[in-house]
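Taking it in order: structure first as structure tokens, then the write-up.
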Amino acid sequence: MKKLTLLAAALLVLTILASAATRSKKTDISRNLDVFNSLYKELQTFYVDSIDAEKSINTAINAMLNDIDPYTEYIPAKDQEQFRTMTSGEYAGIGSTIQETPRGVIIADPYEGSPALAAGLRPGDLITMIDGDSTTGWRSSKVSEHLKGQSGTIVKVTVNRPYTDDSIKTFEIRRAKIQIPSVPYAGMLKDDIGYITLNTFSEKSYPEVRQATEELIKKGAKGLVLDLRGNGGGLVESAVQILGIFLPKGTTVLNTRGKGVLNDKTYKTSVSPVDTKIPLAVLIDGASASASEIVAGALQDLDRAVVIGNRSFGKGLVQSTRQLPFDGLLKVTVAKYYIPSGRLIQAIDYSRRNPDGSVARIPDSLTTVFHTAGGREVRDGGGITPDLTIEYPDVNRLTYNVVRDNWAFDFANRYASRNESIPAPEVFEITDTIYAEFKDFIDPDRFDYDKVCETAIDQLKKLAESEGYMNDSTKAQFDILSGMLKHDLRHDLDINRKNIAPYLASEIVGRYYHHRGEIINSLRDDQTVDSAITVLTTPRYREILK
């Protein structure tokens, strides 16, 4: 009953405020707010059980905002630390990602050079106590809150370490300011091609990308690859600054249009470029969004770079923050952005919803053709379509289960506990011996295997029985088919080695060379990077941009 009442309150305020938003009369807004205020007072006074005021009001607020778009959010004061970390790339704590598992919260990846790594924490360590308090039943958000703190303060962390005799370990760690690098790796590839991977667009991204670009050109780079795959975006200003590295000063790269003149802006590059001529390839995928799409789209529209990979996410909306009472923040969509060709790459129109409230991507048939500076056709309404698309095979279920259930992660932890060193990430590979150890490590009784073929045969048997087709002959044929398609885990691991090995190699390399090493190792067999090198070192580059 309580949940139904709170839901009714949330739906009522959603209807009231959404209705008010579509009309401009101030009296309507005032009247509807009065209705909600009175409704909530009546609930507090007469409802049979006590009502958590903060929880129920937040439910109503979030219901209203979710009906607008997924990027407009209310951020109460207690939840703003993560938001500040995203925009600044900096926080104070021990310097490690954590992961919530069925066993509890574990250390996932201590950052290179962090207090956590210096103290001796390792991936896989199960956090059992923080400052003397048991963490049993804690969610990852609560663990994170206790690990973070003022720089210079001490936090005592007790862990249970697997695959060692002395499993219970306690560390006293001095918290420090943690700067998460925007550019985790930059280096030279074959054929004198420089490579830069960018994880986010924060306040520190521009100087890091600029420094990397300058250093690679000094080393003799004759072409550059900017990797934005998996980059979900960040600050618009950071994107504009990074574009200024490769474009003439004063180039218009972005226009925003919103409600009111303050949100109608034209963005031009304002920094001195590093190099406006060097051949440039930008890598994107379905997780490249927002500021990543501004950079990739502007460089594509201005015929400054060849875009390679898969179609990007399609987020063409700009958010700004507004201060609210009691230190709350409203992150609100204030404008749509348009890249140099004039196109809007937003893939979903949240203002037009289906009768059931759902939204769908704009179909390609309804998109509009625009043109780059050189006359090439490009389209709006569905993210950035690459100039050269790379087709990747789908991740099969076995590989998915190996990664999802931490089998590769846990094996890497055990491997690191037994092996003091491994070859450099540039040459490390999963040998027959390592893969055999991995197969032995997996317990078939605990392996959550999606046996699709066996399940499908069982369902087909039931259908055959229900429709009267199951006789001795049919049953015999089913038995033959079941025998042919019966899963053998070790056999399946063998035939899927090519798919599993990169994930396994990444985890093992990460134990010795951290995230930077993982990137270096992954570049050994990266189809998209190889395609970029080919384009940048052949006439294909000029042919595409022509």
Cα-based shape type of region 86-160, given that a ≥ b ≥ c are square roots of the gyration tensor eigenvalues and the cut on a/c is 1.5: rounded
Global form of the chain, assessed from the alpha-carbon gyration tensor, a/c cut-off 1.5: rounded
Packing-based ranking, highest mean first, of 235-241, 368-374, 304-310 given that Cβ atoms within 10 Å are counted: 304-310, 235-241, 368-374
Cβ-defined net charge surrounding Ile242, 15 Å radius [Lys, Arg +1; Asp, Glu -1]: -2
Residue-normalised accessible area of the chain, given per residue in Å² at a 1.4 Å probe: 53
For region 158-316, average projected area of the Cα convex hull in nm²: 13.9
Percent accessible area from carbon and sulfur atoms, region 358-433, protein chains only, probe 1.4 Å: 50
Estimated inter-spin distance, Phe36 and Thr455, nm [label 7 Å along Cα→Cβ]: 4.2
Charge tally in the Cβ shell below 11 Å around Pro502, where Lys, Arg are +1 and Asp, Glu are -1, Pro502 excluded: -2
Beta bridges per DSSP with both ends in the chain, % antiparallel, nearest 5: 75
Global size of region 318-467 as Cα Rg and Dmax, reported in angstrom: 25.6, 65
Whole-Å distance, taken between Cα centres, linking region 217-263 and region 381-444: 33
Over the chain: helical MRE at 222 nm, DSSP H runs n ≥ 4 each giving -39500 (n - 2.57), nearest 500: -12500 deg cm²/dmol
Cross-link reach list, lysines versus Lys169, counting only Cα pairs under 29 Å and skipping chain neighbours closer than eight places: Lys142, Lys148, Lys156, Lys177
Mean-position separation - Cα centroids, region 266-290 and region 149-173, in angstrom: 42
Net charge contributed by nearby residues that have their C-beta within less than 14 Å of Gly260 (K/R +1, D/E -1): +4
Cα-based equivalent ellipsoid, region 289-399: semi-axes from gyration tensor eigenvalues, Å: 27, 20, 16
Accessible surface of region 120-267 [probe 1.4 Å, protein heavy atoms]: carbon and sulfur percent: 48
Cα-based shape type of region 315-377, given that a ≥ b ≥ c are square roots of the gyration tensor eigenvalues and the cut on a/c is 1.5: oblate
Partner lysines for Lys26 [C-alpha distance under 30 Å; skip if fewer than 8 residues away on the same chain]: Lys41, Lys55, Lys259, Lys265, Lys331, Lys336
By average C-beta atoms within 10 angstrom, highest first, the peptides 192-198, 245-251, 140-146, 40-46: 192-198, 245-251, 140-146, 40-46
Anchor Lys546: lysines whose Cα lies under 16 Å away (excluding residues fewer than 8 positions away in-chain): Lys277
Sequence ranges 288-296, 106-114, ranked by mean other-Cβ count within 10 angstrom, highest first: 288-296, 106-114
Leading residue at positive end of dipole, region 335-438 (Cβ point charges), from Val378, Thr433, Asn419: Val378
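The values are calculated or read from the model by the stated rules, or taken from the named source; none is laboratory data. In this text the structure is predicted, and so the values were computed from the model without any measurement. Glycine also receives a Cβ, built like all others from the backbone with ideal geometry; neighbour counts cover every protein chain displayed. Keep in mind that these areas ignore ligands, DNA and RNA; they rest on the heavy atoms of the full protein, side chains included. Shrake-Rupley method; radii C 1.70, N 1.55, O 1.52, S 1.80 Å.
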